[in-house]
1. With a cut-off of at most 10 other beta carbons within 10 Å, and DSSP calling the residue loop, which GluC sites (Glu not before Pro) in the range 27-124 qualify? Please list them.
2. Please give me the summed charge of the neighbours of L129: other residues whose Cβ is under 15 Å from its Cβ, Lys and Arg +1, Asp and Glu -1.
3. Could you name the aspartates and glutamates whose alpha carbon sits less than 16 Å from that of K109, not counting residues in the same chain fewer than 8 places away?
4. Set the bar at 25 Å for Cα to Cα. Now go through K56/K101; K110/K156; K56/K120; K58/K101; K25/K213; K14/K56 and name every pair that lies beyond it.
5. Taking the alpha-carbon centroid of each part, what is the distance from the range 34-59 to the range 66-92 in angstrom?
6. Hand me the GluC sites (Glu not before Pro) from the range 163-243 located in a DSSP loop with no more than 13 other Cβ atoms within 10 Å, in residue order please.
7. Per residue of the range 119-130, in order, report the coupling 6.51 cos²θ - 1.76 cosθ + 1.60 (Karplus, θ = phi - 60°) as ³J(HN,Hα) in whole Hz, putting x for Gly and Pro.
8. Measuring from label point to label point, each 7 Å out along Cα→Cβ, what is the A47 to E138 span in nm?
Amino acid sequence: MRTPFIAGNWKMHKTVGEAVEAARKLEELVQGSPVEVAICAPFTSLAALSALGLSKVKLGAQNMYWADQGAFTGEISAAMLLDVGCEYVILGHSERRHIFKEDDELINKKVLQALQKGLKPILCVGETLEERRAGQTENVVVTQTTRGLAGVGADKLPTVVIAYEPVWAIGTGEYCDAADANQVIARIRQTLAELYSEELAQQVRIQYGGSVKPGNIREFMEQPEIDGALVGGASLDAEGFASIVRY
Ligand code: PEP
């Protein structure tokens, strides 16, 4: 049985004070939920959130660099994230791929480093609208999954979370039909079975992300292959996000 996992991606939002207030509220509102919950906050808020000592809400970052340390101005290492209480790190988010030109090779280096240091990557994959219209959705997610996981050992695979996030659905209010998302996620799981084994593929949690909100989360969670959600805009409000967690 895979434990459902719903994570919020706060992107470049919230000062430290705002983050602390939202996280405190969320912690109260989701107590007792069987869903695993995390917030992936901006780097600047992570230490303060960790100091709250939350028990239900876990912490994640939104990016990291693949080297241990060194002359990489502006970057953050896995050790730094562990030091401020992170358990998860989002890698390969479509905004990183498209705005910051990250490719599969770079994302793979980050995935390997995160796993080696003991962080759990949330590896994002997904097609653009153009790729979807060209019938390339499955090819794109299979390629991004395969390249993103290159060199990941079977022993580490169950700690990886994959987020299927169609690029056209991120922050647009337009979401993927739940049955379609289920089918794409089934294809991702089949890829894992081909790369590793059916048994291991069944252990990996695969989330849907893209304009998830309180009114549509249940449709996604009812699908057999969808194990949770990565939520952007709708995770910023603690009450709204809590109602997603309590779908
Ligand atoms: C995201 O940032 O990963 C995301 C899915 O954003 P939104 O929920 O706002 O579409």
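1. none
2. Around L129, the charge tally is -4.
3. Reachable aspartates and glutamates: D68, E75.
4. Values: K56/K101 34 Å; K110/K156 14 Å; K56/K120 17 Å; K58/K101 28 Å; K25/K213 18 Å; K14/K56 20 Å.
Too far apart for the 25 Å limit: K56/K101; K58/K101.
5. Rounded to whole Å, the Cα centres lie 16 Å apart.
6. Details: sites: E174, E194, E198, E199, E219, E222, E225, E239; in loops: E174, E222, E225.
Sparse-neighbourhood loop GluC sites (Glu not before Pro): E174, E222.
7. 3J(HN,Hα) across the range 119-130, in whole Hz: 9, 9, x, 9, 8, 8, 9, x, 9, 7, 4, 4.
8. 4.9
The values are calculated or read from the model by the stated rules, or taken from the named source; none is laboratory data. Nothing here was measured: the structure is a model prediction, and the numbers come from that model. Cβ atoms come from the backbone with ideal geometry, glycine included; neighbour counts cover every protein chain shown. Please note that ligands, DNA and RNA were not included when accessible areas were found on the heavy atoms of the full protein model with its side chains. Shrake-Rupley method; radii C 1.70, N 1.55, O 1.52, S 1.80 Å.
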